[in-house]
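The values are calculated or read from the model by the stated rules, or taken from the named source; none is laboratory data. In this text the structure is predicted, and so the values were computed from the model without any measurement. Glycine gets a Cβ as well: all are built from the backbone with ideal geometry, and neighbour counts include every protein chain shown.
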Amino acid sequence: MSESSAGREATDSPGGIAGVFDRAAATYDQVGVRFFGIVAEHLVDRTAPRPGERVLDVGCGRGASALRAARAVGPGGRVLATDLAPRMVEGLRGLATDLPWLESAVGDAADPPAGPWDVVQASLVLFFLPDLRAALDRYREVLSPDGRLGLTWFGAVDTSWEAVHTAVVGGLPEADRPPRVTTAGPFSSVASLEDLLREHGYDDVVTTERRVDVAFTGPGQWWDWSWSQGQRVLLEAHERNGTLAALREAVDPLLEEWAAEDRLTWWTDVRCTTARRA
Ligand SMILES: C[S@@+](CC[C@H](N)C(=O)[O-])C[C@H]1O[C@@H](n2cnc3c(N)ncnc32)[C@H](O)[C@@H]1O
């Protein structure tokens, strides 16, 4: 999840990241693991949409943050939720039938619809964009004067899972290993992201961090969870390379041992950065 396939092709092509999420949509956020809702709560607490406001939620997935924003703005407000994965958008439509002021549409987070928007928000999305700088400029253009931008992204992760990570990533040919956004680029530190926002015409830049703990009921749920979200890109690569069975052989004994010891748990820190259009 904290990794990005860089390049325009990667986000547009069916084999790219939006294609991966489209194939994940049937189970995304529905395998009994509470994660995206907790992250979205952090984001919407911080963007704090008020009744009557207009919110654009980019990379909306099945609406973890868009649904929360829609409840906050109420029927006098408006939320437009967009995602490149059509099946995510369909899934959100099914969940929003009682919120007619929440619209959803297929759309690229890099090309936001004209505003003005009081809030532009993105939960666990912007590290997928090949040109974050251009997107920040576009969000600034579509925000109302004093409008707020909010995004969530990953901080530290539980290093006790390193053996699993090594099996998942190390078992793939170099070309299928996505770059780790945590070691380079604007998402490598709080300071680098905050500086970038200031450079692109934002102020009141603030980052908060919350640790999200995830407890898996068993190895099967870990696999279901992995197929249901961004990590799917790596599992599909194993499938293509014929190494999925070997991966299972490497990982399952570890998962079973941890489950038997009642420590099949994982955590990640999630950061939320908000800023105001200067
Ligand atoms: C980790 S999910 C987060 C979804 C949702 N915000 C949530 O918190 O549950 C990332 C989402 O970003 C979408 N996505 C990736 N690149 C995108 C782009 N360029 N434009 C729009 N959506 C994109 C994916 O299809 C996926 O639904």
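Below is a table of values for the structure above.
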{"item": "Filter result for Glu256 (modelled with pLDDT of 95 or more, surrounded by fewer than 17 Cβ atoms within 10 Å (Cβ to Cβ) and out of contact with any strand residue (DSSP E or B) (no Cβ under 8 Å at 6 or more places or on another chain))", "result": "yes"}
{"item": "Wholly enclosed helices (runs of 4 or more DSSP H) of the stretch 32-108 bearing at least 3 residues under 13 Å from Ser123 (Cβ atoms)", "result": "36-47, 64-73"}
{"item": "Test result for Gln229, surrounded by 14 or more Cβ atoms within 10 Å (Cβ to Cβ) and within 18 Å of the chain's Cα centre (by Cα)", "result": "yes"}
{"item": "Long-range neighbours under 7 Å by Cβ, at least six apart or interchain, first residue over 16 Å from Val251 (Cα atoms) within the stretch 157-176, second among the aromatic types (Phe, Trp, Tyr) and at pLDDT 95 or above", "result": "Asp158/Trp266; Asp158/Trp267"}
{"item": "Among residues of the stretch 19-60, those that are closer than 21 Å to Val142 by Cα, within 10 Å of the ligand (Cβ to nearest atom) and of a type outside the set (Val, Ile, Thr), counted", "result": "4"}
{"item": "Test: Leu84 is buried (at least 23 other Cβ atoms within 10 Å of the Cβ), near the ligand (Cβ under 9 Å from one of its atoms) and under 19 Å from Thr274 (Cβ atoms)", "result": "no"}
{"item": "Qualifying residue in the stretch 128-150 (condition: among the β-branched types (Val, Ile, Thr) and closer than 23 Å to Val39 by Cβ)", "result": "no"}
{"item": "Flag for Asp158 being touching a Lys or Arg at 6+ places or on another chain (Cβ under 9 Å), more than 10 Å from the ligand (Cβ to nearest atom) and of a type in the set (Asp, Glu)", "result": "no"}
{"item": "Total residues in the stretch 108-126, condition within 12 Å of the ligand (Cβ to nearest atom) and surrounded by 24 or more Cβ atoms within 10 Å (Cβ to Cβ)", "result": "6"}
{"item": "Residue match in the stretch 65-73 (condition: closer than 23 Å to Glu209 by Cα and near the ligand (Cβ under 9 Å from one of its atoms))", "result": "yes"}
{"item": "Residues of the stretch 62-107 classified as more than 19 Å from Thr152 (Cβ to Cβ) and in contact (Cβ under 8 Å) with a residue 60 or more places away in the chain, total", "result": "4"}
{"item": "Residue that is farthest from the ligand (Cβ to nearest atom) [pool: residues in the stretch 203-229 that are in a strand (DSSP E or B) and more than 18 Å from Val270 (Cβ to Cβ)]", "result": "Asp203"}
{"item": "Flag if Thr243 is surrounded by 15 or more Cβ atoms within 10 Å (Cβ to Cβ), polar (S, T, N, Q) and touching a Ser or Thr at 6+ places or on another chain (Cβ under 6 Å)", "result": "no"}
